[in-house]
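Report on the structure given below.
The values are calculated or read from the model by the stated rules, or taken from the named source; none is laboratory data. On a predicted model such as this, the values are computed, not experimentally measured, just so you know. Using ideal geometry, Cβ is built from the backbone for each residue, glycine included, and neighbour counts are taken over all protein chains shown.
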Amino acid sequence: MIPQQFEYSAPKSLAEALALIADGGKPLSGGMSLIPMMKLRLAAPDRVVDLARIAELSYIREQAGSIHIGATTTHHEVESSAVIRAKCPLLAETASFIGDVQVRNLGTIGGSVAHADPSADYPAALQALEAKIVIKGAASERTVSADDFFVDTFTTALEPGEIVTEVIVPVEAASTGTSYQKLLQPASGFAIVGVAARIQKSGGKITLARVGVTGLSNRAFRAAATEQALTSGTAVQAAADVVAQAIDANSDLYASAEFRAHLAAVYAARAIDAAIRRTS
Amino acid sequence: MATPSITKLEPFIGKRIRRKEDPRLITGTATYVDDLQLPGMHFAVVVRSPHGAARIKSVDIAAAAAMKGVAMVLTGRDVADLACVPCGASLPGLRVPEHRLLAQDRVYYVGHPVAVVVATDRYIAKDAAEAVEVDYEVLQAVADPEKALAPGAPAVHPQWPDNTAFTFHQEGGDIEKAFAEADVVVKQRITSQRLIPSPLETRGCVAQWHAAEKSLTLHTSTQVPHLVRSLLAQMLGLDENRVRVVAPEVGGGFGCKLNLYAEEALTSHVAMKLGKPIKWIESRRENFLTTIHGRGHVDYYEVAAKKDGTILGIKVKIIQDLGSYHQLLGPAIPTLSVLMIPGLYRAKSMCADVVGVFTNCVPTDAYRGAGRPEATHGIERMVDILAAELKMDPAELRLKNFVRNEEFPFPTATGLIYDTGDYAAPLRKAMETVNYTELRKQQADARKHGKLMGIGMSTYGEICAFGPSPATPAGGWESATVKIEPSGKVTVMTGVSPHGQGEETTFSQITADHLGVPFEDVLVQHGDTAIVQYGIGTFGSRATAVGGPALYYAIQELIIKIKKFGAMLLESDDVSYANGQCTCAKTGKSVSIKEIAGAAYRAMKLPANTEPGLVATYFWEPTNFTFPFGAHIMVAEVDPGTGAIDIKRYVAIDDCGNLINPLVVDGQVHGGVAQGLGQALWEQAVYDDNAQLVSGEFMDYTMPRAHMMPWIESGHTITPTPVNPLGVKGVGEAGTIGASPAAVSAVVDALSPLGVRHIDMPMTPEKIWRLILSKTTGSNA
Amino acid sequence: MTVTITVNGTQHTHSVEPRLLLIHYLREHLSLTGSHIGCETSLCGACTVELNGKAVKSCSIFAVQCNGAQVTTIEGLATGDRLHRVQEAFWNEHGAQCGFCTPGMVMVSKQILDRNPDPTEAEIRHGLEGNLCRCTGYQHIVKAVQAAARVRA
């Protein structure tokens, strides 16, 4: 419907934005989560700080074996980026599953990551990619791992006054196979479960396995038991079956905790199988 | 006068013609109600109950009323003297709760209007609505109709502790004998869940009071402008001829805009009090909470049959969730289900008991199909269950029990007279389309490989073209005026109120052919009570099947007059009229309709006993409903790992009689199927134990989207109805009615090797997964 | 706040509240009522317009965010009397019934074809994911996009 009144700033520099945010301003990136929440009056910030005009936050750069993605890079830019498609296809594939055309045109990687919706797509891939999240505040700058970044439902390692400025993902070795498999909550398009798998093989054996899971619980996580099982030669389905081990699964209208945990195993197996097929 | 060139014009009826409505729709220039801007217009926002049941202790409007830009705040007390929202359904002993425009001392459902705030724009009105403080004492609510019937349940309305709004019994034939003679009786509880109609345009209205004339203009998103006018005039104590109701472009209805709602009266009332035009537009959240829902059945079926499959009798107990109040037709809807119970079958005995139950939910009322999908779903499921019990092929069992072609007109056990039919034809055509015999072989093969493949079918009947007036609450006729303007152009004014069904096009086709004028020369007007003669509106697959014949007969009346003028101009007693020309049989000379129109309005000379002008109005009263029918077949595969249902094929063969515009008919079928599959697979209005609507936004209520829909292979058999001269039967609801039983049939068939006989809707993945698990491991996981 | 937005080729400057949504700006300040409001959770797509060449849901962006931007609405798609090929295809294939979702459907279909001139049926359906239609069952809309694809601009 209609949001409450607020003040609006559209700084051109990051420093200016961080000063406003340090003052209590709410950062606005693509707005695909924040604005609907404001319209339903579930969020009512006094000041909104629009990051879209900060040129220094929008980029995709390859640098020393990594790809650096500015926070305001849209999902569409990620899914269609030649660099990301060639060198980190898991991220491009994951981006293509987010929302819909219009949402991908406006929604940004920084916004999605900072919002930390437990059923958002990116976090699964970022976990599997062992991505780094660059965080800045008016007087701080730090880089944390995806695993440390996603703390809880809508809760991240961001301190008040801080924003996500960059996401760093690795340039994949050519032999790496990856896949993101997602079961859509059919009404909202969010993930009931989404599993991102990253596999490297050598001499017929899995030498590296990274499995990121979203939608299953309060935060996206790396399925360590599944990864370990895969590298120690366990069959895919058996490895996938432990994906929800020790996880407190979410429950809603679309999937009970038990069904979600089951689905996580099914989709983990699909993602791992697809990733294995894509190893070369 | 021209020498005759009697070339038969190419007929327009039966052609796939693109619609006349579309240029304004595809360019964004159509005017929906929220597009109206009037000078001085204010905006109304309704404050609503967040509780399913509560006593209102106090309402504090001071803060809201003090806000800059706020013009008025009204609460229940301010409207206590106004009339109630009307219920048009009349059933013996029906309990009708007082349905005030704003809650008085209690609220009965989440979304119940408590106050209305009016301000200079919608942003301020929303802010002020948030500032209204209501203090509630929360009471125990009940949302489940079976729980509401249980002893000790919270009373929705304190004066009726049994939560029973009415009971209704109907029987036909000899039901005792049927069950006594049966070799086999099958029983099943079958539900048809609450659905949210969800037209893409929510409700909304703009009211304008003309104080000097004591007249009101209401633009409202409705399917029934004339009914709204009559009811509103009554409620507000206005002269009916001083109330003008306009349905502008209407963004879908599906039954939920076949009503008079509190907000329409409230907006009008505020406009009258304030002397300003008032706009109220429902938010989507409000639409979920407060516009009527559909379905809401829990049914207990029993079917008696002989060993050979002959169905002898059908018993059903229907529990209808009515919600907290009655809207216009709510309580009447399940009685339509009762009428439809025999389906397409010959069974001569039936017995139905309906109980209408109050719950702390928004009222249920007509939603696409209105009573008939519930019944068709039930009877089609029961036929499948009987086939499984008898180990018969479900198609064979249906063919055996269909009313036979020579038995029409066929009196049913429920007192209807089925007009005409060839019930086997669409089923056979659907079976040929999918190559049924081959498909069953493929299925046997698939099963050997462990695949869960299912072939499902439904053969549905409908009651359409509502309807003979004695059977409808507000008259079931329809009206049309045809005017030939002095220039020869033709204006049609129809009493139906199209909102997507395309009658501006199809009625132009009818007029072009029957009046013999160019298709482009016809303009169809509708939806404005100041322009159009009284009409009933668009619902119940009636627009073409009742409004079309009204137009046909108006044209026939007009042709009589045209011929009088033609005879005068041709100076002959023996003239015929065809293709827009009057022709003298003797001389072969002719005059065009343009020349006749000119003469009729110039009126230099008039035929004997004939007034000037060329206008005819006809109010057509149908003698019967129409009874379209058809067959759907769905092929599906179920993934046991996830419970996902993959629709492999969807075939819809419909018999709606003659097709005026097959392109438009296809569109109606596709949309209907989408809503039927929506119910079968995804949609459900879920209330929790506190009567909170859990599926209260598009985030949680699954509307079918493009990627979820199969390609629909639609086709037709054509059995014209004798009920009207066009032979048309109506097609608006067919797809919806046929789809849900076909879909459930397919999934049940897929799981039948596991011993599954029935699944309630919606067939969500988790439900399917658990069912498979329980059948394969015996666990109740 | 003052915003300057170019809509359908015409530059407009207005003083607006920061909370004014682009859809309300278009509909109420510019009287461009072709884009519709079907929900408040950005799930129906009826409000879809092009912002700097990209299809967006105008109910989920503030007008102030669009300061300096180019916006194309359904009203700006036809050239004079000549309909855009997607509009023409929606007409020919009966892609509209009640018409309320149609402007959004047309705008997103244009985006689908701008990015992929020859989409498969599955790609079209995927592209329409963010737009709800309650009337058509989507089949004639899919056919319209297919037909428009055959008519190269």
Exercise for the section: Would you check if residue B:36 is touching a strand residue (DSSP E or B) at 6+ places or on another chain (Cβ under 8 Å) and touching a residue at least 60 places away in the same chain (Cβ under 8 Å)? Expected result: yes
Practice task
Quick one: count up the residues across the range B:575-634 that are more than 39 Å from the chain's Cα centre (by Cα) and part of a strand (DSSP E or B).
Solution key: 9
Fill in the blank from the handout: Note on the range A:85-112: residues surrounded by fewer than 24 Cβ atoms within 10 Å (Cβ to Cβ), of a type outside the set (D, E, K, R) and away from chain C (no Cβ under 14 Å) are A:86, A:89, A:92
Handout entry: Sole residue being farther than 16 Å from residue B:532 by Cα, within 17 Å of the chain's Cα centre (by Cα), crowded, with 24+ Cβ neighbours inside 10 Å and among the hydrophobic types (A, V, I, L, M, F, W, C), chosen from B:228, B:224, B:250
Key = B:250
Practice task
Report yes if some residue within the range A:60-74 is within 14 Å of chain C (Cβ to nearest Cβ), among the aliphatic types (A, V, I, L, M) and surrounded by fewer than 23 Cβ atoms within 10 Å (Cβ to Cβ); otherwise report no.
Solution key: no
Practice task
Among residues belonging to the range B:27-54 that are away from chain C (no Cβ under 14 Å) and in contact with a Lys or Arg (Cβ under 8 Å, 6 or more places away or on another chain), point out the one that is farthest from residue B:285 (Cα to Cα).
Solution key: B:40
Handout entry: Residue check, residue B:109 of a type in the set (Phe, Trp, Tyr), assigned to a helix (DSSP H, G or I) and either in contact with a Phe, Trp or Tyr (Cβ under 9 Å, 6 or more places away or on another chain) or within 14 Å of chain A (Cβ to nearest Cβ) (or both)
Key = no
Problem - Close pairs from the range B:687-698: first in contact (Cβ under 8 Å) with a residue 24 or more places away in the chain, partner of a type in the set (S, T, N, Q), Cβ under 7 Å, at least 6 apart - result: B:691/B:360; B:695/B:684; B:697/C:41; B:698/C:41
Completion exercise
Condition set part of a helix (DSSP H, G or I) and of a type in the set (Gly, Ala, Ser), scope the range B:428-477, selection surrounded by the fewest Cβ atoms within 10 Å (Cβ to Cβ): answer is B:444
Exercise for the section: Return only the number of the condition from (1) more than 22 Å from residue B:500 (Cα to Cα); (2) of a type in the set (Val, Ile, Thr); (3) surrounded by 23 or more Cβ atoms within 10 Å (Cβ to Cβ); (4) within 13 Å of chain C (Cβ to nearest Cβ) that residue B:633 does not satisfy. Expected result: (4)
Practice task
Just name the residue that is farthest from residue A:32 (Cα to Cα) out of those in the range C:38-79 that are aliphatic (A, V, I, L, M), in a loop (DSSP other than H, G, I, E, B) and at the interface with another protein chain (Cβ under 7 Å from one of its Cβ atoms).
Solution key: C:78
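Among the residues of the range B:716-733, are any assigned to a helix (DSSP H, G or I) and buried (at least 21 other Cβ atoms within 10 Å of the Cβ)?
Of the range B:716-733, the ones assigned to a helix (DSSP H, G or I) are none.
Looking through the range B:716-733, none of the residues is assigned to a helix (DSSP H, G or I) and buried (at least 21 other Cβ atoms within 10 Å of the Cβ).
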Practice task
Would you mind stating whether residue B:260 is within 13 Å of another protein chain (Cβ to nearest Cβ), under 18 Å from the mean Cα position of the chain (by Cα) and either at pLDDT below 95 or crowded, with 21+ Cβ neighbours inside 10 Å (or both)?
Solution key: no
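List the helices (runs of 4 or more DSSP H) inside the range A:198-280, counting only whole elements, that have at least 3 residues being in contact with a Ser or Thr (Cβ under 6 Å, 6 or more places away or on another chain). Lay out the reasoning, then the answer.
Working: elements: A:224-231, A:236-240, A:257-278.
Where helices (runs of 4 or more DSSP H) fall fully within the range A:198-280 and carry at least 3 residues being in contact with a Ser or Thr (Cβ under 6 Å, 6 or more places away or on another chain), they are A:257-278.
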Handout entry: Top-ranked residue in the range C:113-140 [being over 16 Å from residue C:44 (Cβ atoms) and among the aliphatic types (A, V, I, L, M); ranked as farthest from the other protein chains (Cβ to nearest Cβ)]
Key = C:113
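Working only within the range B:168-212, note down all residues that are among the polar types (S, T, N, Q) and at positive phi.
We begin by selecting, within the range B:168-212, every residue among the polar types (S, T, N, Q); these are B:170, B:188, B:191-193, B:198, B:202, B:208.
Scanning the range B:168-212 gives a single hit, B:198.
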Completion exercise
Of the residues in the range B:125-160, those that are under 17 Å from residue B:320 (Cα atoms) and assigned to a loop (DSSP other than H, G, I, E, B) come to B:142, B:143, B:144, B:150, B:153, B:155, B:156, B:157, B:160
Exercise for the section: Would you confirm whether any residue within the range B:11-30 is buried (at least 21 other Cβ atoms within 10 Å of the Cβ) and in contact with a strand residue (DSSP E or B) (Cβ under 7 Å, 6 or more places away or on another chain)? Expected result: yes
Handout entry: Residue among A:257, A:261, A:268, A:240 that is closer than 22 Å to residue B:640 by Cβ, within 14 Å of chain B (Cβ to nearest Cβ), within 23 Å of the chain's Cα centre (by Cα) and surrounded by fewer than 18 Cβ atoms within 10 Å (Cβ to Cβ)
Key = A:257
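Within the range C:84-105, which residues are at the interface with chain B (Cβ under 7 Å from one of its Cβ atoms), surrounded by fewer than 24 Cβ atoms within 10 Å (Cβ to Cβ) and either under 26 Å from residue C:12 (Cα atoms) or without any contact (Cβ under 8 Å) to a residue 24 or more places away in the chain (or both)? Even if it seems obvious, please write down each step before you answer.
So in the range C:84-105, the residues at the interface with chain B (Cβ under 7 Å from one of its Cβ atoms) come out as C:87, C:90-92, C:94, C:96-103.
From what is left, the residues that are surrounded by fewer than 24 Cβ atoms within 10 Å (Cβ to Cβ) are C:91-92.
Hit for the range C:84-105 is C:91, nothing else.
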